[in-house]
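The values are calculated or read from the model by the stated rules, or taken from the named source; none is laboratory data. Since this is a predicted model, take the numbers as computed values, not measurements. Using ideal geometry, Cβ is built from the backbone for each residue, glycine included, and neighbour counts are taken over all protein chains shown.
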Amino acid sequence: MIKRFVVLSPLFLWLCAAMEGQVIINELRLDNNWVELYNAADTAVDVASWELCNRPAYATISGLTIISGNTNMPGKSYLVLEWAQITSGTNELGLYAQSGFGDPANIRDYVMYGGVPGSSRASVAVTAGVWSSTTDFVPLPPLDRHVLECINFVAEDGTDTDLDDWAAGFRTIGASNHDNVIINEINLDGQWVELKNTGNAPIDVSTWELCDRPSYAEIGNLTVLSGSTTIPADSFLVVMWGPISDAVGELALYISGPFGSTGNIRDYTVYGGLPGSSRIGTAVNAGVWDSTTQFIPFPVVDTNSIQNNDMEAVSGIQTNLDDWTEDIPTLGTTNNVSDCPPEYTSANGNALTGTEAGMIQYATDGAIESDQLLLSTAMVIYNAAGGIDLNPEFEVELGGILDALLDGCP
Ligand SMILES: [Ca+2]
Ligand SMILES: [Ca+2]
Ligand SMILES: [Ca+2]
Ligand SMILES: [Ca+2]
C-alpha cells in the first residue's frame, strides 16, 4: 500500500486565509438595522455561510434579508443585509467566516460603537488584529440620517480597519463610502473655493455641483486654479466661480442635484450674513451646517480667505461655524491653523449682533464691540485682549449671564 502525503506550503495556507478574509464591515445604517459588507478582493467570495455576531446573538448570513447585492460577492462589490441586532446605542458587530465565536481564527472584521457593551467579542477581535482595543468604540453619528462608515478606502481586509478608520458619514448603501470632500477655503476677493479630498484614495468631483441659490455650476465646467478635478488622496482642488464674491452669500457642495435633497449635499458655508434665498435649511437638516441663523463674518482684510481649521475633519459633518476663521490665503495648500479671529468690531463689519439663548464664548486677541441681546437662558463669555465695548443697544435679560475677560484667545 502506498501512502501519499500532501504537503501544503505555508504560502498556500496564507493565500487561502487572505482570500477568505478580504470581506470587511463597511457601513452601518443604524436607523434601518442595515450593514454593508465590502469584498475588497478582486475575486468572488461566497459569504452565505458566514456569521454576524452581536454577543450573545448570532445570525448566518444566508438567513438574513438582502437589501442589495448577492451573498456570493463578486470582487470589489457590496452586500447589504438587514439584521435586527444592528441598532443605535451601545453595540458591536462581528463578522465571522464560521461559527466558533471565541476563536480569533474565525473572525474577519469587527466594529464597536456607541459605548463598550457589557458582553462582547471585542477581545477576540483585538487578538485577531481586526479591532484596535477592547475599550475603543466609534461615537454614534450626530443625526439619525447619518451612518457609521469605514473611511479607509484602500483597506484590503479587516486588519486594516480599526477605530481611526471609522466615522460618521453619509448614506451610500450598496456603493463606495468615498464622498469625503469638504469646502476648505473660500476667497471672496479672488472668487475661488478650495475643496479638499480628506480621504486616502483619489476621487473624481467633475460632476459634483456648487450652489449659491439660485446659481448652480458643475465643477468640471469651472476654471481650475490649482489641482485636478480627480483630486488625489488628502489633496486640494481650487476652482473659480463668479457667485463667490464680497456680498452676502452661501456656498454649498453637492454630489448631484436635486438641491433640496439632504441626501445630495456634502458641505455648506454661508458668509457675511443670511441670504434671502438659500440652501441653509437643507444643509442644517443634512448635518453639514450648525443652524439656519449662523454665518461666517466677512474677513476683516479683504484679501484674506475664510478657512476651515479642523485638520481632522473627514466630511462636511465634522466642519461647522466654529471651525471657520480668517487668514492669509493658502491656495491649493494646507490651511493656516489659527483659530483666533482678528477682532469683532463695527469698524470691520463684524461687531457681535443678534440674540444669544445658550452658552457661547467669543474670543479674540483684538477687540469686541457688541449690540447683542442675551436672553435669560444665555451664558456668554466675551474674551478680548484688545478691549470690550458694549453699545447702548446691548442688553442682558434678567437671569442671563455675561462674563467679560481680557485674556484673548487661549
Ligand atoms: Ca477591522
Ligand atoms: Ca457604502
Ligand atoms: Ca460642514
Ligand atoms: Ca488652503
Out of 104, 56, sole residue that is in contact with a helix residue (DSSP H, G or I) (Cβ under 6 Å, 6 or more places away or on another chain), surrounded by fewer than 16 Cβ atoms within 10 Å (Cβ to Cβ) and of a type outside the set (Ser, Thr, Tyr) = 104
Top-ranked residue of the range 125-143 - restricted to ones that are out of contact with any Ser or Thr (no Cβ under 8 Å at 6 or more places or on another chain) and closer than 21 Å to residue 33 by Cα, ranked as nearest to ligand 1 (Cβ to nearest atom) = 138
So residue 186 clears everything in (1) touching a helix residue (DSSP H, G or I) at 6+ places or on another chain (Cβ under 8 Å); (2) buried (at least 22 other Cβ atoms within 10 Å of the Cβ) except one condition, right? Which one?
-> (1)
Among the listed residues 367, 404, which satisfies the condition of being over 26 Å from residue 250 (Cβ atoms), hydrophobic (A, V, I, L, M, F, W, C), at pLDDT 90 or above and surrounded by fewer than 16 Cβ atoms within 10 Å (Cβ to Cβ)?
-> 404
Check off (1) in the same structural domain as residue 70 (by TED's automatic domain parsing); (2) assigned to a strand (DSSP E or B) for residue 193 and give me the number that stays unchecked.
-> (1)
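So, residue 167, is that one surrounded by fewer than 20 Cβ atoms within 10 Å (Cβ to Cβ) and either at pLDDT 95 or above or part of a strand (DSSP E or B) (or both) or not?
Working: surrounded by fewer than 20 Cβ atoms within 10 Å (Cβ to Cβ): no; either at pLDDT 95 or above or part of a strand (DSSP E or B) (or both): yes.
Answer is no for this residue.
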Is there a residue in the range 385-401 that is outside any strand (DSSP E or B), at pLDDT 85 or above, surrounded by 19 or more Cβ atoms within 10 Å (Cβ to Cβ) and touching a strand residue (DSSP E or B) at 6+ places or on another chain (Cβ under 9 Å)?
-> no
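Residues in the range 301-344 that are under 29 Å from residue 255 (Cβ atoms), assigned to a loop (DSSP other than H, G, I, E, B) and free of Cβ contacts under 8 Å to residues at least 40 places away in the same chain: how many?
Here the count works out to 8.
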Among all residue pairs at least 6 apart or on different chains, which show Cβ distances below 6 Å where the first residue, located in the range 392-410, is aromatic (Phe, Trp, Tyr) and the second is surrounded by 13 or more Cβ atoms within 10 Å (Cβ to Cβ) and assigned to a strand (DSSP E or B)?
-> 394/370
Residues in the range 78-101 that are surrounded by 19 or more Cβ atoms within 10 Å (Cβ to Cβ), of a type in the set (S, T, N, Q) and away from ligand 1 (no atom under 16 Å from the Cβ) total 0
Reported set for the range 308-334 where residues are near ligand 4 (Cβ under 10 Å from one of its atoms), more than 20 Å from residue 361 (Cβ to Cβ) and of a type in the set (S, T, N, Q) is 330, 333, 334
Filter the range 117-163 down to residues that are among the hydroxyl-bearing types (Ser, Thr, Tyr) and not in a loop (DSSP other than H, G, I, E, B) and give me whichever is nearest to ligand 3 (Cβ to nearest atom).
-> 159
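Let's see how each residue does on (1) under 19 Å from residue 320 (Cα atoms); (2) of a type in the set (D, E, K, R):
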position	(1), (2)
157	no, yes
169	yes, no
180	yes, no
198	yes, no
208	no, no
212	yes, yes
228	no, no
241	no, no
245	no, no
Out of the range 270-288, which residues are in contact with a Phe, Trp or Tyr (Cβ under 7 Å, 6 or more places away or on another chain) and under 23 Å from residue 189 (Cα atoms)?
-> 270, 271, 272, 273, 274, 279, 280
